[in-house]
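Everything below concerns the one structure shown next.
The values are calculated or read from the model by the stated rules, or taken from the named source; none is laboratory data. Owing to the predicted nature of the structure, the values given are computational and were not obtained by experimental measurement. Counting neighbours? That spans all protein chains shown, and the Cβs are built from the backbone with ideal geometry, glycine included. Ligands, DNA and RNA are excluded from the accessible area calculation, which covers all protein heavy atoms including side chains. Shrake-Rupley method; radii C 1.70, N 1.55, O 1.52, S 1.80 Å.
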Amino acid sequence: MTPFQDILSTAHDMSTAQLLRHLIGARFAGRTVVTASLLMRSVAVLKMVADIEPATPIVFCHAGDLFPESRDYRDRIVASLGLSDVRALRGAEIKVKPGDHDHYEHIWAQYRDSSGSVHELVHLNETLSGFDCWISAVYHVSPAHGTQPTRPRIDIDGRLIRVNPLVGWSDADVRRFMKANDLPLHPLVKRPRLPPPPP
């Protein structure tokens, strides 16, 4: 049995919280990193991670400059969860490490003055170089698609074990978790949508 097969077998019947505790607290202690956005799914994962080990490295991924509301919301989440190792991306990070392959997150950026979105790849090769387990909690998708991408819960990404912890969670599941744990929504999510302009 390969190490990857052993992880799959061990984690098969684990809940999301149990899986994260196994990875962060035991299997990859000190060698796990989390990538996150400011969407509900990321915040739910960050809550579980903070309950296990608030010093777990967190890398927030975003395209372009953050809106002031987003910066304030990120700072509020970090403080309320007690996350103590929050990192910034180091740049384009396109260069791939020897023996590895390109690690990246898909990001959809939206702008206040446009109804469209821009797809970008955030490369993480330098950021992830010191870790063996990557918990990917970005969950950015195109607003036009309206659904979360289909990913394996646990996968191999080059030399890394990549974990997508909320695979199988519906939006209703995430909202229930947010409410049960008194986690605030992003202010731009809570803001009511304006009616479409008249024809």
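When each of A29, A17 is tested for being closer than 22 Å to V167 by Cα, among the small types (G, A, S) and open to solvent by less than 60 Å² (accessible area, probe 1.4 Å), the lone residue that passes is A17.
Residue count for region 155-169 satisfying the condition of being at negative phi and open to solvent by 50 Å² or more (accessible area, probe 1.4 Å): 5. Say whether the condition of being open to solvent by 30 Å² or more (accessible area, probe 1.4 Å), at pLDDT 95 or above, of a type in the set (A, V, I, L, M) and over 15 Å from the mean Cα position of the chain (by Cα) is met by at least one residue in region 74-96. Yes.
The number of residues in region 109-134 that are modelled with pLDDT of 70 or more, outside any loop (DSSP other than H, G, I, E, B) and out of contact with any helix residue (DSSP H, G or I) (no Cβ under 7 Å at 6 or more places or on another chain) comes to 6.
Considering the conditions (1) of a type in the set (S, T, Y); (2) touching a helix residue (DSSP H, G or I) at 6+ places or on another chain (Cβ under 8 Å); (3) open to solvent by 50 Å² or more (accessible area, probe 1.4 Å), S9 is excluded by exactly one of them, (2).
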